[in-house]
Amino acid sequence: MHLKINTSFTFMKKSLFQSQPVLYILLTLILLSCQEKNTVPSKQMINEMDLKRGEIITCGPDDKKFGTVAFEFSGTEKVKEDFNLALKLLHSFEYDEAEKVFSKIIDQEPQCAMAYWGVAMSNFHPLWAAASETELKKGSKAIEIAQYISQKTKREEGYINAIAAFYKNWDKVDHRTRCINFEKAMENLNTEYPDDKETAIFYSLALTAAADPTDKSFTRQKKAGSILNGLYPGEPDHPGIVHYIIHTYDSPELAEMALPAARKYASVAPSSAHALHMPSHIFTRLGLWSDCIKSNLASVTSAQCYAEEAGIKGHWDEELHGMDYLVYAYLQKGENDLARKQLDYLKTIKEVHPLNFKVAYAFASIPSRYVLENKLWNEAAGLKIHYENFPWENFQWQKAIIHFTRLLGSANTGNLTAAKTELNELNTIHKKLLEQKDAYKANQVQIQIKSSEAWIKFKEGKNVEAVTLMNIAAEMEDKTEKHPVTPGEVIPAKELLGDLLLQMNKPNDALKAYEANLKKHPNRFNALYGAGLAAEKSGNIEKTNQYYRQLLAVVSPGNSDRKELTSINEFLKRN
């Protein structure tokens with residue numbers, strides 16, 4: 001979009017300039033002044049954005065409870081309530097609904113610059129997958145209009161220019177670099193308005209969005225957390241504060257600090273499916289499986305309701321996202337029947353809106369987790385992609401999960417030819433991700449490649465090479481963080497290392513690997529059982545009792561058919 005000043009009277013101005021330059025200058029100033037006062041976007045400019053419109057859809061309390069926000073801006077009183085509602089939705093990542101409200105404001109007051117800023121923010125979603133081309137184009141148009149409007153405060157101009165820094169050259173600059181540009185712009189705005197709570201909240205979001213997943217000092221996250229924790233006591237019902245605290249501390253090293261916010265968020269914004277789900281990020285990090293299950297049962301139900309109310313053909317992406325975490329938690333409690341029901345239900349899903357990163361991840365991870373956690377190697381080797389019409393070529397990393405699962409299944413059933421075929425597929429995917437300059441996902445696939453090579457070497461009888469490769473994979477995984485959308489790796493590399501060493505009859509080394517894994521992934525079923533079994537084989541009765549009893553405390557009594565529990569109970573009877 002190119003916004004141009006009206007250049008009528010060009011010939012007359014040229015004549016004036018030649019004959020009476022003073023009058024020419026006066027006329028030019030008058031025209032510019034009129035133009036500046038008359039910067040209301042045209043209907044055509046607004047229509048070009050193709051905004052989402054309609055009634056707000058929610059499946060929570062009747063009063064549409066999304067928390068409390070009070071944002072100062074230059075709009076009229078009649079739109080301020082709607083603007084704050086839009087911000088509440090935005091802070092809970094209800095992006096479609098937020099855009100609807102910002103669109104309503106634009107229809108009522110097309111000269112409200114901050115409403116266009118809201119549209120741009122609604123198409124940003126910094127902590128999820130990168131925005132699509134359609135979203136980037138819409139956000140760019142919204143910002144261009146916002147900058148065109150002259151009626152805005154200096155602070156509002158700062159907000160608009162900050163998100164403009166993200167959209168600038170979106171077709172040439174990668175997502176993370178543009179997130180860093182947004183962070184720097186928000187830092188400047190926060191410095192200029194140090195007492196502005198909303199600016200501080202959005203700055204903390206920018207810090208977390210720009211965080212380097214390989215930075216184990218968590219520099220940006222700790223800074224964001226410090227800002228948010230400073231605001232939290234005075235704003236306990238602000239959805240952005242509690243939500244962003246969870247995202248900021250979503251790592252094993254920091255998760256404990258987010259537990260109060262995790263227990264609070266669902267009650268702050270119970271009308272948001274994402275708010276119902278989000279606490280489970282911290283519950284998963286801390287191995288609080290019952291809390292995780294409760295959180296995602298509520299989220300999945302809300303997401304199903306939303307799909308029905310919105311008239312979505314098929315299923316909403318938030319439903320599958322919640323199912324991913326739900327299955328993960330069921331498996332850690334040994335509740336195979338409930339996990340299997342979710343898997344069978346997943347197989348009935350043929351259409352999801354929108355088709356995005358988290359949908360692809362759920363389709364790949366849920367069936368993979370089920371067979372890998374239960375060591376169903378024949379099923380793993382023959383794992384099929386049940387959603388064949390899904391555009392898997394657009395989601396290479398998620399596609400790699402399926403090949404990795406097949407490879408481990410093939411290796412553990414002795415079919416090394418099939419395993420090596422799957423390894424070739426992983427190497428091809430790794431190459432594609434490098435060509436796409438997606439270093440993070442390429443690194444995640446490289447971890448799978450090293451793990452795969454280790455198990456193939458082990459099955460070939462090359463134990464030294466196998467342990468070396470598996471240690472490399474584990475070290476690589478330790479140096480980076482999981483993607484914020486996922487509950488965790490389908491199988492942690494340190495746990496796979498423990499499994500490898502245990503099969504090599506090196507129980508002391510295996511125990512060390514399992515214990516290291518439990519520090520990062522507490523209360524995982526297989527890690528606890530593996531640690532107990534390794535301790536038992538090494539003659540350490542005290543640790544055997546410790547890990548076996550810990551596992552029994554994690555599982556649901558009478559609700560698990562895992563055969564490992566039988567051997568544990570037999571050991572405890574003897575000891």
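The values are calculated or read from the model by the stated rules, or taken from the named source; none is laboratory data. Not measured: the values here are computed from a predicted model. Every residue, glycine among them, receives a Cβ derived from its backbone with ideal geometry; neighbour counts consider all protein chains shown.
Filtered by the rule that a residue be in a loop (DSSP other than H, G, I, E, B) and not charged (D, E, K, R), the range 233-276 gives P236, H238, Y249, S251, P252, L254, A269, P270, S271, S272.
Of all residues in the range 522-532, those satisfying the criterion of being at negative phi and surrounded by fewer than 24 Cβ atoms within 10 Å (Cβ to Cβ) are P522, F525, Y529. Looking only at residues of the range 228-268 that are farther than 30 Å from L518 by Cα and crowded, with 22+ Cβ neighbours inside 10 Å, we find that the one that is nearest to the chain's Cα centre (by Cα) is G240.
Quickly run through the range 188-229 and pick out the residues that are without any contact (Cβ under 8 Å) to a residue 40 or more places away in the chain, touching a helix residue (DSSP H, G or I) at 6+ places or on another chain (Cβ under 8 Å) and small (G, A, S). If the condition is that a residue be without any contact (Cβ under 8 Å) to a residue 40 or more places away in the chain, touching a helix residue (DSSP H, G or I) at 6+ places or on another chain (Cβ under 8 Å) and small (G, A, S), then A200, A210, A211, A224, G225 are the ones that fit.
In the range 166-177, the residues that are in contact (Cβ under 8 Å) with a residue 60 or more places away in the chain and over 13 Å from A120 (Cα atoms) reach residues that are in a loop (DSSP other than H, G, I, E, B) and of a type outside the set (S, T, Y) with C-beta atoms within less than 9 angstrom, at least six apart or across chains, in these pairs: D174/A130; D174/K437; D174/D438.
Given the criteria crowded, with 21+ Cβ neighbours inside 10 Å and either farther than 30 Å from L528 by Cβ or in contact with a Cys (Cβ under 7 Å, 6 or more places away or on another chain) (or both), does V359 qualify? Here the answer is yes, as V359 does meet what is asked.
For the range 186-218, enumerate the residues that are under 17 Å from E156 (Cα atoms), part of a helix (DSSP H, G or I) and in contact with a Ser or Thr (Cβ under 8 Å, 6 or more places away or on another chain). M186, L189, N190, listed by residue number. Residues of the range 97-109 that are closer than 21 Å to L127 by Cα and surrounded by fewer than 19 Cβ atoms within 10 Å (Cβ to Cβ): none at all. The residue that is nearest to the chain's Cα centre (by Cα), among those in the range 63-77 that are of a type in the set (S, T, N, Q) and either surrounded by 20 or more Cβ atoms within 10 Å (Cβ to Cβ) or at pLDDT below 95 (or both), is S74.
Which of the residues spanning the range 452-483 are hydroxyl-bearing (S, T, Y) and over 25 Å from the mean Cα position of the chain (by Cα)?
S452, T468
Only one of the numbered conditions (1) in contact with a Ser or Thr (Cβ under 8 Å, 6 or more places away or on another chain); (2) on the phi < 0 side of the Ramachandran plot is violated by G234, and that is (1). Those residues that are among the small types (G, A, S) and either surrounded by fewer than 17 Cβ atoms within 10 Å (Cβ to Cβ) or in a helix (DSSP H, G or I) (or both), I need them from the range 440-498; list them, please. Matches in the range 440-498: A442, S451, S452, A454, G461, A466, A473, A474, A493, G498. Against the numbered list (1) at pLDDT 95 or above; (2) in contact with a Leu (Cβ under 8 Å, 6 or more places away or on another chain), A364 comes up short only at (2). The residue list A339, A329 contains one member that is touching a Cys at 6+ places or on another chain (Cβ under 7 Å), modelled with pLDDT of 95 or more and not assigned by TED's automatic domain parsing to the domain that holds L89, which is A329. Within the range 558-574, residues that are over 20 Å from N545 (Cβ atoms) sit with their Cβ atoms under 8 Å from residues that are exposed (fewer than 13 other Cβ atoms within 10 Å of the Cβ) and modelled with pLDDT of 95 or more, at 6+ positions apart or across chains, in these pairs: N559/D337; D561/D337.
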